[in-house]
Amino acid sequence: MKKLILSACLVAGTSVGAGMIALPMVLCKIGVFPSIALIITLWFFMYLSGLLGLELNLRAGKGLTLGELGNFYRGPFSSHIGSLSLLFLIYALLCAYLYGGASIFQSFFEAHLKASFPMKNIVVFYALALFLILSFSVQCVLQVNRILLIVLLGTFGILVFGFFKKVDLLHLPFFEQSIGELNTWTSLLPILFTAFGFQVIFHTLTNFCNKDALLLKRAVFWGSLIPAGIYIIWTLSTIGILYHNAPEKYYLLTLGKLDVGEFVKALTETTAWPLVQTLASVISMIAILKSSIGVGLALCEFWQEKISKGRVLQSFKIKGGALGLTIMPPLIISLFVSELFLKALSFAGMVLAVVAIFLPLWLIISPKAQKIPSQYSIVDNKGLQILFLILGFLIVGCEVMNMIS
C-alpha cells in the first residue's frame, strides 16, 4: 500500500502544477458542465495512454526513457525523435513557467507591496532564482520540490474552502455562448492535454515498482485521477467566484483578455478574507515554481549527460554549462514574446501528442514489440489505437491553427 501511495503521488505531483492555473482561463469559454465532461473524458484517454507507455517499459524489461525506448524497439532514428520531442516539450514548458511566474510575481508585488517592477526585470530575477535552486545537488532540489508539493496541496484545500464559501453552485455559467466557436476549442484542447503530462516519468515509475504490472496500473489510475479531481474543483471554484463577485473580470477572462498575473490578481480581489487573498497568490506562485524546478531539473540532467559524454571536464564546468543551456533559451524567448504563458503551454500540448501518443503507438506496433507478450492487452486494441490517433491529430491540428491565426 505504501508503494502504491508513493507511486500515485509521483504521477499526481508530475501533473499538478502551473498548468492547473491555466485551465480556468480557457475552460471558462465553454461553461462549467462541458468543462467537467471534457476533463473526465481527457483523463480517461490519458490514463489509457499511460498504460501504453508502461506497456513499452514492461516489454523492454526495465524502465527506459522515451529516447531509449525508441532505440530499443526501432533503432537510432526513433531514439532521436523521442529525445528531441522531450527536449522541445521541456523548453516549451520552461518558457511558459518563466513568463507565467514573472507575471504572477508582478501582480503580487503590485497588490501586496504596492510596488511596480518592469516585467522583463522580474523575468530575469526569476530565471536567476531558478538557476540558483537548480545549482544545488539533485537530492536538495528534489527535497525542495517535495516540500513545495506538500505546501501546494495544503494551501489548495484552504483556498478552495474559502472560495466555495462565496460561490452559489446552483447559479454558475453552466454553458457559454462561445462553446460553438472553433477558436474556443483550438485554444483549450492543447492546454488541457498538457495538464495531464505525466508520461515523462514512466521509466522511473517502472523501476520504482519493480515492474509490477498490477501495481503500475493502479498507480497510474489513481495518480492521474487525483489531478482530474483537483482540476475540476479548481475550475469550479475560480470560475464561480469571478462569475459571482467580479463579473467584469469574468467577462474579460472569457474574451481571453486577462494575462495569468491579472487572473490571479482578480481572484485575490474577490474576497474580503486577507488569508484567502494571500493564499490565492501563494498557491499560484508555488505551482509555477514547483513546475519550473521539476522540468528544469530534468533538462539540466539531460544536458549534463550530453556535455560529460566522452569529455574530461571539472564537475562545476559541466553543471554550469548544463544550467546555461537549460535557462538561457527560455529566458531569451520570455523576454521578447508577449503573452507567452498560454501560447507556450498550447505548443507543449502539440509536442506532448508526439510523446504520449504518436511515438508510443509507432513503437508498440514494431515487430520487436509484437513478439513480446503484453501485460495490458487493451493497448493492442486496434479501435483504441485509432481513437488515440484521432486525438493526437486533433491536438496537433488545434495548435497548428493557433500558430497560423
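Scanning segment 156-173 for residues that are within 14 Å of residue 233 (Cβ to Cβ) and touching a residue at least 60 places away in the same chain (Cβ under 8 Å) returns 156, 158, 159, 160, 162, 163, 164, 167, 169, 172. Filtered by the rule that a residue be under 29 Å from residue 184 (Cα atoms), part of a loop (DSSP other than H, G, I, E, B) and out of contact with any helix residue (DSSP H, G or I) (no Cβ under 9 Å at 6 or more places or on another chain), segment 1-38 gives no residues.
Inspection of segment 165-182 identifies at least one residue that is modelled with pLDDT under 80 and of a type outside the set (Val, Ile, Thr). For residue 372, indicate whether it is part of a loop (DSSP other than H, G, I, E, B) and either of a type in the set (Phe, Trp, Tyr) or at pLDDT 90 or above (or both). Yes; evaluated as a whole, the condition is true for this residue. Checking the structure you have, find out if any residue of segment 235-247 is among the aromatic types (Phe, Trp, Tyr) and within 30 Å of residue 63 (Cβ to Cβ). Looking through segment 235-247, none of the residues is among the aromatic types (Phe, Trp, Tyr) and within 30 Å of residue 63 (Cβ to Cβ).
I'd like the residue in segment 72-87 that is of a type in the set (Gly, Ala, Ser) and either surrounded by 20 or more Cβ atoms within 10 Å (Cβ to Cβ) or in a helix (DSSP H, G or I) (or both) and, out of all such residues, is modelled with the lowest pLDDT.
Restricting attention to segment 72-87, the residues satisfying the condition of being of a type in the set (Gly, Ala, Ser) are 75, 78-79, 82-83, 85.
Right, trim to either surrounded by 20 or more Cβ atoms within 10 Å (Cβ to Cβ) or in a helix (DSSP H, G or I) (or both) and you get 78-79, 82-83, 85.
Details: 78: 93, 79: 92, 82: 91, 83: 88, 85: 92.
Per the criteria, the residue is 83.
Screening 333, 307, 318 for residues that are of a type outside the set (Gly, Ala, Ser), surrounded by fewer than 22 Cβ atoms within 10 Å (Cβ to Cβ), touching a Cys at 6+ places or on another chain (Cβ under 6 Å) and closer than 26 Å to residue 141 by Cα leaves exactly one candidate, 333. Of all residues in segment 243-253, exactly one satisfies the criterion of being at pLDDT below 90 and buried (at least 18 other Cβ atoms within 10 Å of the Cβ), namely 245. The helices (runs of 4 or more DSSP H) falling completely within segment 132-235 that include 1 or more residues that are farther than 30 Å from residue 303 by Cβ, within 22 Å of the chain's Cα centre (by Cα) and of a type in the set (A, V, I, L, M) map to 138-164, 182-194. Among the conditions (1) assigned to a helix (DSSP H, G or I); (2) farther than 27 Å from residue 84 by Cα; (3) touching a helix residue (DSSP H, G or I) at 6+ places or on another chain (Cβ under 7 Å), residue 115 misses just one, which is (1). Being surrounded by fewer than 19 Cβ atoms within 10 Å (Cβ to Cβ), assigned to a helix (DSSP H, G or I), modelled with pLDDT of 90 or more and more than 20 Å from the chain's Cα centre (by Cα) is true for just one of 69, 128, 56. Which residue is that? None of the others qualify; the one that does is 128.
Select, from 155, 204, 194, the only residue that is within 30 Å of residue 293 (Cα to Cα), among the hydroxyl-bearing types (Ser, Thr, Tyr) and modelled with pLDDT of 90 or more. Step through it out loud before you land on a result.
Details: 155 fails: modelled with pLDDT of 90 or more; 204 fails: modelled with pLDDT of 90 or more.
When all the criteria are applied, what remains is 194.
Could you please find all residues in segment 356-368 being part of a helix (DSSP H, G or I), in contact (Cβ under 8 Å) with a residue 12 or more places away in the chain and surrounded by fewer than 22 Cβ atoms within 10 Å (Cβ to Cβ)? The answer is 358, 361, 362, 364, 368.
Can you tell me which residue is surrounded by the fewest Cβ atoms within 10 Å (Cβ to Cβ) among those in segment 100-121 that are more than 18 Å from residue 266 (Cβ to Cβ) and in contact with a Phe, Trp or Tyr (Cβ under 8 Å, 6 or more places away or on another chain)? By that ranking, first place goes to 115. Taking residues in segment 390-405 that are in a helix (DSSP H, G or I), and partners anywhere that are loosely packed, with under 12 Cβ neighbours inside 10 Å, the pairs with Cβ atoms closer than 9 Å and at least 6 places apart or on different chains are 401/182.
Selection within segment 281-338: residues that are more than 23 Å from residue 121 (Cβ to Cβ) and of a type in the set (Gly, Ala, Ser). The member of this set that is farthest from the chain's Cα centre (by Cα) is 310. Considering 30, 36, 90, the condition of being touching a residue at least 60 places away in the same chain (Cβ under 8 Å), of a type outside the set (D, E, K, R) and surrounded by fewer than 19 Cβ atoms within 10 Å (Cβ to Cβ) is satisfied by 36 alone.
The values are calculated or read from the model by the stated rules, or taken from the named source; none is laboratory data. The shown structure was predicted, so the numbers you read here are calculated from the model rather than taken from an experiment. In this analysis, Cβ positions are derived from the backbone assuming ideal geometry, glycine residues included, and neighbour counts consider all displayed protein chains.
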